[in-house]
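The values are calculated or read from the model by the stated rules, or taken from the named source; none is laboratory data. Nothing here was measured: the structure is a model prediction, and the numbers come from that model. Positions of Cβ are generated from backbone atoms using ideal geometry, with glycine treated the same way; all protein chains shown enter the neighbour counts. Heads up: the accessible areas ignore ligands, DNA and RNA and are worked out on the full protein's heavy atoms, side chains in. Shrake-Rupley method; radii C 1.70, N 1.55, O 1.52, S 1.80 Å.
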Amino acid sequence: MYVVRPAAAAAAAFLGLTLTVLGAAAATASTAPGPAAPATGARGAGVLGPVVYAHRGASAYAPENTLEAVDRAMWLGFEWVENDVQRTRDGELVVIHDDTLTRTTDVEQVFPDRKPWRVKDFTAEEISRLDAGAWFGDGRYAGARVPTLREYMERVGHNRQKLLLEIKKPELYPGIERQTLDLLEDMGWLDARHVEGRLVVQSFSADSVRIVHGLRPDLVTAFLGTPTVAELPRYAEFTDRINPWHTTISADWVAAVHGLLGAHGKAMEVDTWIVDDAATARKVQAMGVDGIITNAPDVVRGAVGGY
Ligand code: G3P
Ligand code: CA
């Protein structure tokens, strides 16, 4: 079902301060049964620029997916951070991007006989001993750790930030969707305040997104990828957003996504990744994206505004 894109109209302050909705124009539906509200979440692409997400934290400036990267995003003035969630051998959820520990930790030195050093083959206690910061930059982050998801949520909550949570490689971790939601619930992240504007769950796995939507239909979800325009209506049944790699999109494709009502009956949205330079940020802004996921959020904000 296609609708006319509503005018975005939200203004935001960040980090727990006031978020003021200025207004929103109702959309006129061509084939939809009635007007469409703005898409889910605190969006303001038409007023303040796109929402800017600090990818793996402010990962251009601090080691990715660490608490230090979360803090760095906060200090730069960004409320939204993105992360990647996987699971250890003994069932602890941890925040790390790769399914092996080699690129971002000193695991090969600490556990030389544990090749291929997969996250799922190590206990949480073993992973807690690894250095996840020494590899980065000039070494000033040596001693940073791979956080558990619980530690991560505590920090994001303490910082009054918001989370774009990615369930990474769910095919390796049966049941990770329910386990993640259980932890979020336990930590108070599934109450109305969080669900309405502080949390989005995404995955490259459509099955995983569908499972999350089935378990918690109130949650905002996103599918990572670029379905064809013809495929989009199937995704709209279980998700609110389509989050594509920036090289794969066009203004027409973004408009096609915006023209659909998502799982919550609101116009679907597009948050694109990974945009780290000003020219590309301006290009995707001109295509009409709602959000930009970036390792260098300050660069994107400098180019296109956003918050
Ligand atoms: O949030 C989008 C982005 O994280 C997807 O790619 O590989 O960095 O998880 P990746
Ligand atoms: Ca990710």
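What to note about this one:
- Hey, Val85 under 23 Å from Ile211 (Cβ atoms), in contact (Cβ under 8 Å) with a residue 12 or more places away in the chain, open to solvent by less than 10 Å² (accessible area, probe 1.4 Å) and touching a Phe, Trp or Tyr at 6+ places or on another chain (Cβ under 9 Å) or not: yes
- Residue check for Val275: without any contact (Cβ under 8 Å) to a residue 40 or more places away in the chain, surrounded by fewer than 22 Cβ atoms within 10 Å (Cβ to Cβ) and assigned to a loop (DSSP other than H, G, I, E, B): no
- Subset of region 225-243 [within 16 Å of ligand 2 (Cβ to nearest atom) and surrounded by fewer than 23 Cβ atoms within 10 Å (Cβ to Cβ)]: Gly225, Thr226
- Qualifying positions in region 59-87 - touching a strand residue (DSSP E or B) at 6+ places or on another chain (Cβ under 6 Å), assigned to a loop (DSSP other than H, G, I, E, B) and not charged (D, E, K, R): Asn65, Phe78
- Check on Arg140, charged (D, E, K, R), under 20 Å from Asn295 (Cα atoms) and part of a loop (DSSP other than H, G, I, E, B): yes
- Exactly one residue among Ile274, Ile211 is within 16 Å of ligand 2 (Cβ to nearest atom) and among the aliphatic types (A, V, I, L, M), and that residue is Ile274.
- Screening Met268 on (1) surrounded by fewer than 21 Cβ atoms within 10 Å (Cβ to Cβ); (2) more than 16 Å from ligand 2 (Cβ to nearest atom); (3) not β-branched (Val, Ile, Thr) shows it passes everything except condition (1).
- Filtered residue count, region 254-307, keeping only those that are among the small types (Gly, Ala, Ser) and either closer than 22 Å to Ala230 by Cβ or within 18 Å of the chain's Cα centre (by Cα) (or both): 12
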